[in-house]
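Shown next, in structure tokens, is the structure this report addresses.
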Amino acid sequence: GIGEYSNPIPSGWGLIFIGAIIWMLWYFFVGYPTNQFSQIGQWNEETLEYQAKFEEKNKNIDVAGLRAMGGSVYLVQCAPCHGVEADGSNGKAHNFTKRISKEQVVNMINNGGNNFKTSFPAGMPAGLVSGADVDTLAAYVSGGFKGEKPAAWANCTSCHGENGEGVTMVAPNLKAYDNDLVTSVLHDGKKGVIGAMPSFAGRLSETQVKAVAEYIRSIGGK
């Protein structure tokens with residue numbers, strides 16, 4: 001029958017096996033290059049160096065330069081959703097050619113908002129206006145504050161100002177885009193009637209954020 005032999009393994013194979021174990025232990029505990037060259041580390045260092053040079057070069061940039069820079073940043077970071085013409089791609093994203101739509105105002109009145117923590121930490125409670133006043137007020141705000149001022153607007157002036165131009169650290173400008181609003185949207189992201197926009201914190205430098213704000217203001221005619 002078949003029996004089990006007790007022949008020793010070839011000495012060569014045994015030495016190779018032991019050597020492999022020793023090499024493995026050396027590699028993981030001694031030889032693994034944790035403190036040596038790192039391609040990712042080099043990339044991070046070069047990126048930080050470039051960003052520092054970029055900020056230094058553009059720290060005194062004028063409005064025209066900011067607007068040109070903002071246009072370039074917009075095409076790369078914003079146009080895929082908002083469209084090259086900034087018209088919102090047929091309702092898929094916010095239309096920057098006007099400040100705010102009637103649907104957006106209605107949504108904000110009914111649901112409130114606390115998106116913009118960076119510039120307006122207090123947020124806005126829901127239901128400050130109800131009934132027919134919601135539609136009337138939304139039409140007035142989205143229409144650019146033209147015509148007779150509705151009585152319901154009195155509920156908004158303490159935060160947004162008598163003329164709707166906003167109050168610093170309290171509520172945004174409803175007439176036009178400004179740096180506070182755009183900065184907060186880019187840092188905090190946004191959730192509204194159209195959908196959600198992710199935060200761009202860490203993806204743009206402070207100079208680039210200002211540039212995008214200036215460009216968007218130019219699109220809106222302000």
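Table for the structure above
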| quantity | calculated |
| --- | --- |
| Residue match in the stretch 36-53 (condition: part of a loop (DSSP other than H, G, I, E, B) and at pLDDT 90 or above) | no |
| Given (1) surrounded by fewer than 18 Cβ atoms within 10 Å (Cβ to Cβ); (2) in contact with a Lys or Arg (Cβ under 7 Å, 6 or more places away or on another chain), index of the condition residue 159 fails | (2) |
| Count of the stretch 82-102 residues which are modelled with pLDDT under 95 and part of a helix (DSSP H, G or I) | 0 |
| The stretch 44-71, subset of a type in the set (Lys, Arg) and in contact (Cβ under 8 Å) with a residue 24 or more places away in the chain, residue nearest to residue 216 (Cα to Cα) | 67 |
| Filter result (under 59 Å from the mean Cα position of the chain (by Cα), at pLDDT below 90 and of a type outside the set (Phe, Trp, Tyr)) within the stretch 6-31 | 30, 31 |
| Selection status of residue 152, surrounded by fewer than 16 Cβ atoms within 10 Å (Cβ to Cβ) and either outside the structural domain of residue 51 (by TED's automatic domain parsing) or not hydroxyl-bearing (Ser, Thr, Tyr) (or both) | no |
| Members of the stretch 67-105 found to be crowded, with 16+ Cβ neighbours inside 10 Å and touching an Asp or Glu at 6+ places or on another chain (Cβ under 6 Å), listed by number | 67, 70, 95 |
| Filter result for the condition that a residue is touching a Gly at 6+ places or on another chain (Cβ under 8 Å) and of a type in the set (Ser, Thr, Tyr), over 130, 119, 89 | 89 |
| Hits in the stretch 55-82 - residues which are of a type in the set (A, V, I, L, M) and within 17 Å of the chain's Cα centre (by Cα) | 73, 75, 76, 79 |
| Residues of the stretch 107-128 classified as surrounded by fewer than 19 Cβ atoms within 10 Å (Cβ to Cβ), of a type in the set (A, V, I, L, M, F, W, C) and either in contact (Cβ under 8 Å) with a residue 24 or more places away in the chain or touching a strand residue (DSSP E or B) at 6+ places or on another chain (Cβ under 6 Å) (or both), total | 2 |
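For every residue, the table says whether it meets (1) small (Gly, Ala, Ser); (2) modelled with pLDDT of 95 or more; (3) in the same structural domain as residue 70 (by TED's automatic domain parsing).
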| site | (1), (2), (3) |
| --- | --- |
| 111 | no, no, no |
| 124 | no, no, no |
| 134 | no, yes, no |
| 165 | no, yes, no |
| 189 | yes, no, no |
| 202 | yes, no, yes |
| 207 | no, no, yes |
| 220 | yes, no, yes |
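The values are calculated or read from the model by the stated rules, or taken from the named source; none is laboratory data. Just so we're clear, the structure is a prediction, and the values are computed from it rather than from any experiment. Methodologically, a virtual Cβ is constructed for each residue, glycine included, from the backbone with ideal geometry; neighbour enumeration extends over all protein chains shown.
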